[in-house]
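In what follows, a single structure is set out as structure tokens and then discussed.
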Amino acid sequence: MTKLSSVLLRVTLIIAVAISFVLTYLIMTHNTVFNRPTQDVNSNADAVQTDTMQSLGDVYLPIRVIYHNDDTEKLVYNRKNNLMSNLQKQMAKWSLAKIGDPTKLNTKDYVERINQKNTIMMIYPDRITWQLFADTFKQKVKQSASDFVFDRLSVAQGKDQLTLTFMNDKTDTIRQAKVKGDYSTLTKLVKGADFTVPVKYIAMNKTVQMLFTESFRMNPYSYLVAYTPDNEFVNNLMGKVDSSSIKSRSDSDGTEYTSGSQKLNVAKSGHLVTYSEYGKKQAKTMTEKLENSFQTLKQVGITLRNIRYFSYDDNTGSISFRNYVEGFPVFQQTTRGAVQITPGDSTGLLEASFANSNLQVPVPSDQTAIAVQPTQNVIDTLVKQGYHRNRIERIQLGYRWQMDKQTDQVVDLIPTYYVRYYGQWQSYATWLKTDPNTVTDADDSAQKHALSNAQANAVDRVQQEADTSGVK
């Protein structure tokens, strides 16, 4: 396909989708013609939105599958069928025995268990709770004596039955349960994957890191983007109050809507919308926070087709969500991902930030596949640049959100390594352009601020002594 024909195809698709949006808007909002009161239109909009939404189980499914046979360990993905969803459907038929007590391993043994042969491993982007897993995989909560958290689950074939292992990367702890199920059905699904790349896990800075062990090529993508208008956010988040009580104020930064304990800010640039509300019931447990965050996701009303759970913050209780494309997260959509929610805290405050730009449908792209280097090369280059190896917290291959140069209706997703260093996510290329000596620890700064000056000075002295003694 020539570049000209590719551009024409894009423009034609954009026009067609735009016409579709306009017709849908006219049908849903023209009350005079269709003789529908406002509340009926909103109810219809809710019904339409519900049809396109993901369920709680979809948003909190594992996002990565590793298949390790006798010879190789590979990340697998099926671009034609949803591999993880199909695995979940099969595992929902299983019957788990009572889950055993936690077993603490040393780091070496824990990593060896992760790299165990003849296993299928499903990985969450961050910790998840047993209760949420039980709901998603149709298991009985009472199979565990208490709720617990884990990052990954591994299925292994034993002599007589399967073993399901729940693994916690932070504590190097495992829990096991015997399972009655068909392992061959799972292996058939993973062997049918049309995208595979060799990987392995290593211990890195009190956690484990997945490394791509070989270079490979990864396709960029282009998506049509839809922008949610302010009035939809106002209706979805503040629609329960009398519209006459909603006040708005605009300035050079954007527009602020307020009503009682609710506040909604729509930035003029950056596609970031923030919302806060007092009087919410406090979410005390992690399960409650994850569930409440999903309810807020639904209330916001953005399309959740590609939205997945990304991270949980122990200090703030904030839950982050990102768009995922073919199993890889999208970065730089906004400064906070696609959605970030802090459910009701002890003061009853709920806070949420989200993008008003959403992925719709893929459009033809003439971009060539991009070469992805092995992850160890990324680590070695950063260390050579002057970054401390023990401060590299996570490395994640994902997509960079980049607005198309020809139209703001299309976004290009470019394969890119992202590195979390000193509590900050930045692209690998950005870190290489940054002076390592100018990077400060966002997490440490917040903690020190809460300490007295004497305590903060003591922390600094300990860190300086560690640096001068050769600790990296």
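The mean accessible area for residues of region 227-377, using a 1.4 Å probe and ignoring ligands and nucleic acids, is 45 Å² per residue. Overall dimensions of region 306-400, expressed as equivalent-ellipsoid semi-axes from the Cα gyration tensor (√(5λ), whole Å, largest first), are 28, 23, 9. If you sort Lys263, Lys104, Lys142 by accessible surface, 1.4 Å probe, largest first, the order is Lys142, Lys104, Lys263. Here is the list for region 180-244: trypsin sites (Lys or Arg not before Pro) lying in DSSP coil, each with at most 12 other C-beta atoms within 10 angstrom of its C-beta, are Lys206, Lys240.
Shown for region 66-133 is the translational diffusion coefficient from the Stokes-Einstein equation, using the Kirkwood radius over Cα pairs, a temperature of 25 °C and a viscosity of 0.890 mPa s: 169 µm²/s. Rounded, prolate or oblate: pick one for region 44-157, where a ≥ b ≥ c are the square roots of the eigenvalues of its C-alpha gyration tensor, a/c under 1.5 means rounded, and failing that, prolate if a/b is larger than b/c, else oblate. Verdict is oblate for region 44-157.
The heavy atoms of Val225 offer some 0 square angstrom of accessible surface to a 1.4 angstrom probe. Using the Karplus relation 6.51 cos²θ - 1.76 cosθ + 1.60 with θ = phi - 60°, the per-residue 3J(HN,Hα) values for region 161-171 come to 7, 8, 10, 9, 10, 9, 10, 10, 5, 6, 10 Hz, with x marking Gly and Pro. Here the accessible area is traced with a 1.4 Å probe on the protein chains. For region 193-290, carbon and sulfur cover 45 percent of it.
Over region 111-170, the hull volume per residue, using the convex hull of the C-alpha atoms, is 102 Å³. For region 392-441, a/c is not less than 1.5, where a ≥ b ≥ c are the root eigenvalues of the C-alpha gyration tensor, and a/b tops b/c. That puts it in the prolate class.
Under 20 °C and 1.002 mPa s, how fast does region 269-325 diffuse according to Stokes-Einstein, given a Kirkwood radius computed over C-alpha pairs? Answer in µm²/s, whole number. Estimated via Stokes-Einstein, D reaches 167 µm²/s. When the trypsin sites (Lys or Arg not before Pro) in region 334-418 are filtered for DSSP coil states and for at most 14 other beta-carbon atoms within 10 Å of their beta-carbon, the remaining sites are Lys405.
Counting Cα-Cα pairs of region 180-335 in 5 Å increments starting at 0 gives whole-percent bin shares of 1, 6, 11, 14, 16, 15, 12, 8, 6, 5, 3, 1, 0. For the set Glu232, Glu112, solvent exposure ranked by accessible area (probe 1.4 Å, protein chains only) runs largest to smallest as Glu112, Glu232. As a length-normalised measure over Cα pairs under 8 Å and 6 or more apart, the relative contact order of region 60-177 settles at 30 percent. Our summary of shape: the Cα atoms of region 216-278 have principal axis extents of 55, 27, 21 Å, ordered from largest down, in whole angstrom. For region 176-256, the percent of C-alpha pairs falling in each 10 Å distance bin, counted from 0 to the bin holding the largest distance, reads 10, 18, 19, 14, 24, 14, 0. Quick one: Cα centre-to-centre distance for region 225-260 and region 357-421, in angstrom? Measuring centre to centre over Cα atoms gives 33 Å. In the complete set of protein chains, residue-level accessible area for Glu288 is approximately 70 Å², probe 1.4 angstrom.
The values are calculated or read from the model by the stated rules, or taken from the named source; none is laboratory data. No experiment lies behind these values; they were computed from the predicted model shown. Reconstructed Cβ throughout: ideal geometry from the backbone, glycine too, with neighbour counts over all protein chains shown. Note: accessible area is taken over every heavy atom of the protein model, side chains too, but ligands, DNA and RNA are not part of it. Shrake-Rupley method; radii C 1.70, N 1.55, O 1.52, S 1.80 Å.
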